[in-house]
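Peer 1: One structure coming up, written as C-alpha cells, with questions to follow.
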Amino acid sequence: MSTTTDTRAQVLLPTFDRALPPVTARSQRRALSAYALLWLVGALPGLLDLGDSWTAAGLGLALPGGGFLYGGHQVLAVVALTCFVVSVFVWWASGPTVLPPLVWLGTAALSGFAADSPGTPVIALAAGPLLIATAIVTHRLRHRSQVRAGARLNEKLREMDFVITGSPGLDVRVPVVEHTPDDLAHLRYGLDLALQPLDSYIGFTKIDQFREAATRYQLNALSYSLSMSQFTRTPAFTGYLAEAQRNAIEKMLQREVWGYWALENAWGNLDLQRDPVDNSENIMLTGFHGLMVGMYESLNDDRYSRPGALTYRWNDRVSYANDFGTLANSIHRNVERSPYALFPCEPNWIYTVCNTFGMNTMRSHDRLHGTSHFARVEDRLRHSYETEFLRPDGRIIGVRSSHLGLSWNLWAGSSIQLTTAYWMHAALPDIAQRTWWLLRESALRERDGVLVTPTSLAARLDPGSYKVGADTYSQIVTMMAAREIGDEEIAVAAQRAVDEREEIAEANGARRYADASGMANLYANLGRFGRYSGLRDLVVYGAPEAWRQGPVLAEAAYPDVLVAKAVTDGYALDLVLLPGDGPVRTTLRLERLLPSREYAVTGHDSVVASEQGEGLVEIELGARREVRIYLT
C-alpha cells in the first residue's frame with residue numbers, strides 16, 4: 001500500500017566522537033568509583049598488617065574469590081568467582097539486584113576463615129584493575145573498528161531513501177485480504193487458547209514468570225496476533241474474535257500473571273510496593289499490556305479506558321485499579337524521569353525492545369484520547385536510541401544496566417535487531433527501516449528461495465521455551481519484520497522455511513508448529529497475518545472511519561463459523577464464511593445497521609434492522625460462502 005502522504009527519508013548512522021555516550025559514561029564512572037573505594041577498603045587490612053584472616057577477607061572485596069586465592073585455596077577461588085558470575089547472570093535473568101553483592105560479600109567473609117596457607121596479595125589486588133583495564137582497551141579497539149564500519153555503511157546509506165508511510169487517508173482503501181484455510185487453522189490455535197475460561201491456561205507453556213517464557217508474554221503475543229488478524233482480514237467482525245482479545249487482556253489482570261512484580265520489586269528495587277503500575281519501572285507489564293488494549297480499542301470499543309477497567313487484584317482486600325490511561329501515564333512518567341529516557345524492564349536492566357512497546361502504547365493512547373504523551377518525549381527517546389543504545393556500526397544495543405552502564409554483544413544479535421525493528425516501526429519508522437537495511441546487508445541471505453539465518457547460538461534459541469535447536473524463532477521474527485517493513489520477498493522465504501521444515505500438530509482443526517513454543521507459534525501468527533506497515537497503520541493511524549461506523553458481524557458460532565473475511569465500506573457488509581466443523585445451519589447477528597432500514601442479503605431474504613440497529617440472518621453453511629448485506 002502506497003499513499004500520497006508517504007515521505008522519503010535518508011537515515012544515516014550518527015557519528016560517535018567518544019567511546020561512550022554521556023549517560024552511559026556517567027553510570028560507568030560512578031560504578032568504577034564505587035569499585036575503587038571497595039578495592040581500597042579491601043587493600044587496607046594487608047597494608048595495616050591486621051592478620052591473615054582480615055587480609056583474606058579484604059582481598060575477597062577487591063576481587064570475588066581473591067581471599068581464597070591469597071589463602072592458598074585455588075579451587076575455592078574458582079568456585080567463588082564462578083558463583084559471582086552466576087549471580088550476575090541470575091540478576092540479569094530475574095532482577096535480584098541484591099544477589100551479586102550478597103555473593104561477593106559472603107565469599108569474602110568465608111575466605112577470612114580459610115586463610116590457613118597465606119601467599120602474596122599482589123595477584124588478588126592486581127586482577128580486578130587489570131580486568132577492567134583490559135575491558136576498556138578492548139572496548140576502545142572494538143569501538144574504533146565499529147566507527148570505521150559505520151563510515152563505510154554511511155557511504156551506502158547516502159544512496160538510500162527509506163519510505164516513511166503516512167496515513168492511508170479517507171480516499172484510500174486499507175487493504176483487507178481473505179484468510180486462507182491454512183491461515184484459519186493457525187488462527188484457531190490462538191482462538192482455542194483465548195476462548196477457554198479466564199482461570200484456565202491449558203496449552204500455555206509453564207516454566208517461569210520472570211523471563212520470556214512467562215505467561216504474560218504468551219498472552220501478549222496471543223492478543224497482538226488476534227488484533228492483527230482482525231485488522232488485516234476481518235475488521236468488520238467482532239464476535240468471538242473480539243471476545244478472545246478481551247480474554248487475553250483480562251487474564252493479564254490475574255495475580256498468577258502479574259504477581260511476579262511483588263518479588264521482582266522487592267529483590268530488585270528493595271521496594272515492598274506490589275502495585276505493578278504506579279510509579280513502577282515495570283514496562284514489561286505497562287507497555288506490553290497497554291499495547292494489547294490500544295490495539296483492541298482501535299478495532300472494537302473503549303471499555304478498558306474507563307476508570308478501574310484494568311484492576312490488578314492481589315487478594316480479596318488488596319487491588320490496584322487502573323485503566324488504559326493510567327498505563328500510558330505510568331510509561332510517560334517513567335520516561336521523563338529516566339536519565340536514559342528508556343527505562344528498565346527488569347529492575348536495573350533497560351531493554352530497547354521492551355521500550356518500543358511503551359512507545360506504541362503512548363502513540364495508541366494519544367491517537368485515541370487526544371493526549372500528547374509520545375510527542376512530549378519523542379525527541380529524548382529518539383536521541384537515546386541513536387546514542388546510548390546504538391553501536392557505531394548501526395547495531396542496536398539490546399540491553400544496558402541502568403546502575404552500571406554495562407552491556408554485552410550477546411544481546412545485540414540478529415533476532416534482537418529484527419524484533420526491535422518490527423516493534424519500532426510504528427513510532428520510529430526511519431530507525432526501524434535503517435535497522436532492517438543493515439540486517440539485509442550483513443545477516444540475512446536467501447538460498448534456493450529459503451532464508452538462511454546466522455549460525456549463532458542466539459539465532460538457534462526459542463525464547464518461549466529456552467530450547468536451542470532449529471532457527472525457527474529467528475525465521476519467525478524475520479517474517480514479522482520483513483512483512484512490516486515491506487520486504488515481502490524475504491517474508492515469503494522465511495515463512496516457507498518454517499512451513500516446509502516444521503512438523504505440524506493439529507487438534508480439532510487448529511494447527512501449530514509442533515516443536516516451537518507457544519510464544520513462537522503466536523508470533524508466527526502475527527507475522528502470517530501482518531502486511532506492509534500493518535503495525536504502524538494500526539498503532540499510529542487506527543481503523544478508517546468507515547470501519548468504525550459501518551455494519552459489523554457481531555456474533556457467529558465458534559467453531560461452526562470461521563470468518564475468513566469481513567469488511568465494510570461504511571454502508572454494506574461483505575463476508576466470506578467457511579464451516580469449521582462440517583455443514584451447519586446457523587444464525588448470524590449483525591450490529592450497527594441503520595435503525596429500521598431494510599437490508600438485502602445475498603442468497604437470503606432481506607432483513608429489517610431493529611431500532612437498535614441489530615439484525616439476525618440465518619444461513620446454510622456447507623462450504624466457502626460469500627455474503628453481502630447492503631441497503632435496498
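The values are calculated or read from the model by the stated rules, or taken from the named source; none is laboratory data. All of these numbers come straight from a predicted model, not from anything done at the bench. Backbone-built Cβ (ideal geometry, glycine too); neighbour counts: all protein chains shown. Heads up: the accessible areas ignore ligands, DNA and RNA and are worked out on the full protein's heavy atoms, side chains in. Shrake-Rupley method; radii C 1.70, N 1.55, O 1.52, S 1.80 Å.
Peer 1: Can you name the condition, by its number, that Ala126 falls short on among (1) free of Cβ contacts under 8 Å to residues at least 24 places away in the same chain; (2) open to solvent by 60 Å² or more (accessible area, probe 1.4 Å); (3) of a type outside the set (Asp, Glu)?
Peer 2: Ala126 satisfies every listed condition except (2).
Peer 1: What are the residues in the stretch 506-530 that are in a loop (DSSP other than H, G, I, E, B) and open to solvent by less than 30 Å² (accessible area, probe 1.4 Å), if any?
Peer 2: Listed by number, the residues that qualify are Gly509, Ala516, Ser517, Gly530.
Peer 1: List pairs: first residue in the stretch 582-605 and within 16 Å of Asp569 (Cα to Cα), second residue of a type in the set (Gly, Ala, Ser) and at pLDDT below 95 anywhere in the structure, Cβ distance under 6 angstrom, at least six positions apart or on different chains.
Peer 2: Taking only residues 6 or more apart or on different chains, the pairs are Ala600/Ser606.
Peer 1: Could I ask something else about it? Can you find, within the stretch 16-65, the residue that is farthest from Gly394 (Cα to Cα) among those that are assigned to a helix (DSSP H, G or I) and of a type in the set (Phe, Trp, Tyr)?
Peer 2: Per the criteria, the residue is Trp54.
Peer 1: Ok, one more. List, please: which pairs have Cβ atoms under 7 Å, are six or more places apart or on different chains, and start with a residue in the stretch 10-25 that is within 11 Å of Glu388 (Cα to Cα) and open to solvent by less than 60 Å² (accessible area, probe 1.4 Å) and end with one that is part of a loop (DSSP other than H, G, I, E, B) and among the β-branched types (Val, Ile, Thr)?
Peer 2: That search, which allows pairs on different chains as well, returns Pro21/Thr387.
Peer 1: Then there's this: With modelled with pLDDT of 90 or more and in contact with a Lys or Arg (Cβ under 6 Å, 6 or more places away or on another chain) as the only criterion, which of Ala19, Ala9 stands out?
Peer 2: None of the other options fit; the residue is Ala19.
Peer 1: How many residues does the stretch 600-619 contain that are in a strand (DSSP E or B) and within 20 Å of Pro235 (Cα to Cα)? Steps first, answer last, please.
Peer 2: As a first pass, look at the stretch 600-619 and keep what is in a strand (DSSP E or B): 600-601, 604-608, 615-619.
Within this subset, residues satisfying the condition of being within 20 Å of Pro235 (Cα to Cα) are 601, 615-617.
Of the residues in that region, 4 qualify.
Peer 1: Follow-up. Pull up the stretch 548-558, narrow it to residues that are touching a Leu at 6+ places or on another chain (Cβ under 8 Å) and not in a strand (DSSP E or B), then point me to the one that is nearest to Ala426 (Cα to Cα). Give the derivation first.
Peer 2: Of the residues in the stretch 548-558, the ones touching a Leu at 6+ places or on another chain (Cβ under 8 Å) are 550-556, 558.
Those left that are additionally not in a strand (DSSP E or B): 550-551, 556, 558.
Numbers: Gly550: 26, Pro551: 28, Ala556: 32, Tyr558: 32 Å.
Among those that are touching a Leu at 6+ places or on another chain (Cβ under 8 Å) and not in a strand (DSSP E or B), it is Gly550.
Peer 1: Same structure again: Filter the stretch 563-603 for residues that are open to solvent by less than 30 Å² (accessible area, probe 1.4 Å), touching a helix residue (DSSP H, G or I) at 6+ places or on another chain (Cβ under 7 Å) and more than 13 Å from Val627 (Cβ to Cβ) and give the result.
Peer 2: Passing the criteria: only Gly570.
Peer 1: Still on this model: Can Met284 be described as closer than 18 Å to Gly190 by Cα and surrounded by 22 or more Cβ atoms within 10 Å (Cβ to Cβ)? If you could, list the steps in order and put the result at the bottom.
Peer 2: Details: closer than 18 Å to Gly190 by Cα: no; surrounded by 22 or more Cβ atoms within 10 Å (Cβ to Cβ): yes.
So Met284 does not fit the description; no.
Peer 1: Continuing with the same structure: Are any residues in the stretch 197-210 over 19 Å from Arg246 (Cβ atoms) and surrounded by 18 or more Cβ atoms within 10 Å (Cβ to Cβ), and if so, which ones?
Peer 2: If the condition is that a residue be over 19 Å from Arg246 (Cβ atoms) and surrounded by 18 or more Cβ atoms within 10 Å (Cβ to Cβ), then Thr205, Gln209 are the ones that fit.
Peer 1: Another question, if that's okay. Of the residues Arg158, Arg188, Arg216, Arg233, which single one is among the basic types (Lys, Arg) and within 23 Å of Gly287 (Cβ to Cβ)?
Peer 2: Arg216
Peer 1: Looking at the stretch 363-385, I want the residues that are closer than 18 Å to Leu291 by Cα and have a partner that is of a type in the set (Lys, Arg) with Cβ atoms under 8 Å, at least 6 apart or on another chain. Which pairs are those?
Peer 2: Filtered contacts from the stretch 363-385: Phe374/Arg363.
Peer 1: In addition: Given the residues Leu327, Leu285, Leu310, Leu299, which is the only one that is aliphatic (A, V, I, L, M), within 21 Å of the chain's Cα centre (by Cα), closer than 24 Å to Thr234 by Cβ and modelled with pLDDT of 95 or more?
Peer 2: Matching residue, one of Leu327, Leu285, Leu310, Leu299: Leu299.
Peer 1: While we're looking at this one, here's another question. Does at least one position in the stretch 290-308 carry a residue that is buried (at least 18 other Cβ atoms within 10 Å of the Cβ), over 19 Å from Trp92 (Cβ atoms) and free of Cβ contacts under 8 Å to residues at least 40 places away in the same chain?
Peer 2: No, there is no match, as no residue in the stretch 290-308 is buried (at least 18 other Cβ atoms within 10 Å of the Cβ), over 19 Å from Trp92 (Cβ atoms) and free of Cβ contacts under 8 Å to residues at least 40 places away in the same chain.
Peer 1: Being aliphatic (A, V, I, L, M), surrounded by fewer than 24 Cβ atoms within 10 Å (Cβ to Cβ), touching a Lys or Arg at 6+ places or on another chain (Cβ under 9 Å) and under 26 Å from Arg216 (Cβ atoms) is the filter here, so list the residues in the stretch 446-484 that pass it.
Peer 2: Leu461, Val468, Ala470
Peer 1: From Leu241, Leu222, which residue is in contact with a Gly (Cβ under 6 Å, 6 or more places away or on another chain), among the hydrophobic types (A, V, I, L, M, F, W, C), under 30 Å from Val174 (Cβ atoms) and assigned to a helix (DSSP H, G or I)?
Peer 2: From the options Leu241, Leu222, the qualifying one is Leu222.
Peer 1: Further question on the same structure: Note down all Cβ pairs under 6 Å where the first residue falls in the stretch 397-426 and is among the charged types (D, E, K, R), the second is surrounded by fewer than 22 Cβ atoms within 10 Å (Cβ to Cβ), and they're at least six residues apart or on different chains.
Peer 2: Close Cβ pairs satisfying both conditions: Arg400/Ser407.
Peer 1: Listed residues Arg511, Arg536, Arg531; which is farther than 28 Å from Gly294 by Cβ and either modelled with pLDDT of 95 or more or out of contact with any helix residue (DSSP H, G or I) (no Cβ under 8 Å at 6 or more places or on another chain) (or both)?
Peer 2: Arg511
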